[in-house]
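Right, one structure below, let's go through it.
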Amino acid sequence: MPGSSPPPALPEAERRTAEALLTRALGEPAVVRAAEPLWDRGHVFRLHLAPGHAVILKRKRGQESIGARLFGAELAALDYLTAMPVPVAPRLLGADARAGLLLMEDLGEGATLADSLMAAGRERVQAELIAYARALGSLHAWSMGHAGEAAGLRARYGPGDEAGPRWRDAVQRGKEPFLATAAALGVARHGLAEEIDQVHRMIIGTSYLGLVHGDPCPDNVRLTDGTCRIVDFEYAGWGPVAYDAAYLLAPFPSCWCFARLPADVAGPAVEAYRAQLEAAGIELGPDWESLTTAVLAAAFLGRGQVLAEALDRDHEWGTTTMRPRLLAWLRTFTGRAGDGTLPRLQATAAAMLDRLTERWAGIRIPDYPSFARAGAELARIPDGWQPQP
C-alpha cells in the first residue's frame with residue numbers, strides 16, 4: 001500500500017530475543033537498528049547495531065527434524081570452536097536454542113575463496129588455498145586434542161548423528177546403483193560389493209577423528225588480509241578429518257563451484273595442511289594414506305545414483321555439469337592405486353573411467369579462470385552470481 005512501511009525483515013519476537021542476547025554478550029544495551037537478509041536464504045540476516053557495528057543472525061530452518069539437526073550441529077560447532085586460541089570460524093556471540101536463533105561475529109563483505117578461484121590471479125589464489133589448508137589443519141589438530149568438550153556440546157544441543165555415520169550411510173545408499181553401473185559398463189569385479197563395505201568400515205574405524213566441517217566449499221571460506229575463516233557449520237560433526245582434507249584432492253565434492261585444481265597448486269596446500277597436524281604431534285603414516293583413499297572412494301560411491309543417471313543424461317550444477325565431476329573424482333581415486341588400498345575398487349574405477357571417457361568423448365573438466373590453460377574450457381559463472389574482487 002502506498003505510504004505504508006515495508007514489513008520488518010525479522011519478526012518482533014526474534015528482534016527482541018537478539019537484542020537480549022547481544023546485551024548479555026556485549027555488556028551494554030544493544031538495539032537492532034536494521035535487519036538485512038543475506039544470500040537470498042531467508043534464514044540469515046545481518047543485524048545493524050550502532051554505526052559500523054553489525055552481527056550475523058542465523059535462524060533454524062523450519063520446525064522439521066532436519067532443520068533442528070542442522071541448527072544444532074552449527075550451534076555445537078561454533079560454541080566448541082570459541083575456545084580455539086586462533087579463531088578459524090566466526091565467534092559465537094549468543095544463542096537461544098529453544099527459539100532457534102544464534103548470533104555470530106560478522107566477517108564483513110570480503111571475498112570468498114570461490115570469488116578468487118573464479119576471478120583472481122594465480123599467485124593470490126595459491127596463497128589463499130594455503131591459508132585455507134592451514135585453517136582446516138588447525139581446526140582438525142585442535143579438535144583431535146579436545147574430544148571431550150565436543151561430545152558434551154553435541155549432547156547438549158542435540159545435533160543428531162555424528163558425521164561418520166552420515167557418510168557411511170551415503171556410501172551404502174550409493175552401493176547398489178554403483179554396482180549396477182559397473183555391470184552396465186561391463187567392468188564389475190568379483191568381491192567388489194564386499195570391498196565397498198570395507199570403505200565405510202575404514203572411514204568409521206579410523207583413529208583420525210575430530211571436528212569435521214562437512215562442507216568446506218570455497219564459498220564457505222572467507223579471506224581477509226591473508227587470514228582465513230570458515231563459515232556455515234550446519235553439516236559439522238565428529239568424524240574422520242580426512243573427509244575435509246580430501247576437498248583439496250577430489251576436488252570440492254559437495255560444491256557448486258567445481259573445476260580442475262592443478263596438482264602444482266593443490267600440492268603445496270596439501271603439504272600446508274599436513275604440516276599443521278604434524279606440528280601438533282599427529283603422525284600421518286600409512287593409515288592416513290589408506291583413510292584418504294577410502295574418503296576419495298566415498299566421493300563417488302556416495303553419488304552412485306547420480307552416476308547411474310549420468311549414463312543417459314547430464315545435469316547442470318553450478319560451474320559445470322555432473323559428468324565432469326564424476327570423471328574428476330574417479331581419476332583422483334584411481335591415481336592413488338599405488339598404495340594398494342581397495343584394489344578391486346581401484347581396478348573397477350580405472351576401467352569405468354576408461355569406458356566413460358570414451359562414452360562421454362565431448363566432456364571436458366573445466367579450468368578455474370585463475371588457473372586457465374591455453375584453449376581450456378572454463379568453469380562457468382552461474383546466472384545471478386558475480387565474483388567479488
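The values are calculated or read from the model by the stated rules, or taken from the named source; none is laboratory data. The structure presented is a predicted model; accordingly, all values stated were derived computationally and were not measured. So basically every Cβ, Gly included, is an ideal-geometry build from the backbone, and we count neighbours across all protein chains shown.
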Criterion (closer than 22 Å to F258 by Cβ and in a helix (DSSP H, G or I)) met by exactly one of L153, L179, L136: L136
The range 161-185, subset in contact with a strand residue (DSSP E or B) (Cβ under 6 Å, 6 or more places away or on another chain) and over 15 Å from R201 (Cβ atoms), residue modelled with the lowest pLDDT: A163
Enumeration of residues in the range 78-116 that are free of Cβ contacts under 8 Å to residues at least 24 places away in the same chain, in contact with a Ser or Thr (Cβ under 9 Å, 6 or more places away or on another chain) and assigned to a loop (DSSP other than H, G, I, E, B): R91
Among the residues listed as L57, L75, the single one being buried (at least 20 other Cβ atoms within 10 Å of the Cβ), part of a strand (DSSP E or B) and not assigned by TED's automatic domain parsing to the domain that holds G148: L57
The listed residue being more than 30 Å from Y157 (Cα to Cα) and of a type outside the set (S, T, Y), out of A236, A263, A242: A263
Single residue of the range 239-275 satisfying the filter (without any contact (Cβ under 8 Å) to a residue 12 or more places away in the chain and not charged (D, E, K, R)) that is surrounded by the fewest Cβ atoms within 10 Å (Cβ to Cβ): A263
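For (1) modelled with pLDDT under 95; (2) in contact with a Phe, Trp or Tyr (Cβ under 9 Å, 6 or more places away or on another chain), each residue gets a yes or a no:
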| position | (1), (2) |
| --- | --- |
| D225 | yes, no |
| Y235 | yes, no |
| Y243 | yes, yes |
| F258 | no, yes |
Residue satisfying condition, being surrounded by fewer than 22 Cβ atoms within 10 Å (Cβ to Cβ), assigned by TED's automatic domain parsing to the domain that holds M118 and not in a helix (DSSP H, G or I), within set D312, D287: D312
I365 in a loop (DSSP other than H, G, I, E, B) and at pLDDT 95 or above: yes
Verdict on L153 being at pLDDT 95 or above and in the same structural domain as G226 (by TED's automatic domain parsing): no
Filter pass, I66 being free of Cβ contacts under 8 Å to residues at least 12 places away in the same chain and more than 18 Å from D244 (Cβ to Cβ): yes
Residue list for the range 355-373, restricted to those being closer than 19 Å to Q126 by Cβ and among the small types (G, A, S): S370, A372
Filter result (surrounded by fewer than 16 Cβ atoms within 10 Å (Cβ to Cβ), in contact with a strand residue (DSSP E or B) (Cβ under 7 Å, 6 or more places away or on another chain) and assigned to a loop (DSSP other than H, G, I, E, B)) within the range 17-34: R33
Residues of the range 208-245 satisfying the condition of being within 11 Å of L136 (Cα to Cα) and among the hydrophobic types (A, V, I, L, M, F, W, C): L211, V212, V221, C228, I230, V241, A242, A245
Options A361, A298, A379; residue that is surrounded by 18 or more Cβ atoms within 10 Å (Cβ to Cβ) and over 25 Å from D264 (Cβ atoms): A298
Any chance D383 is within 20 Å of V125 (Cβ to Cβ) and among the acidic types (D, E): no
Which numbered condition D225 fails, given (1) closer than 17 Å to G174 by Cα; (2) without any contact (Cβ under 8 Å) to a residue 40 or more places away in the chain: (1)
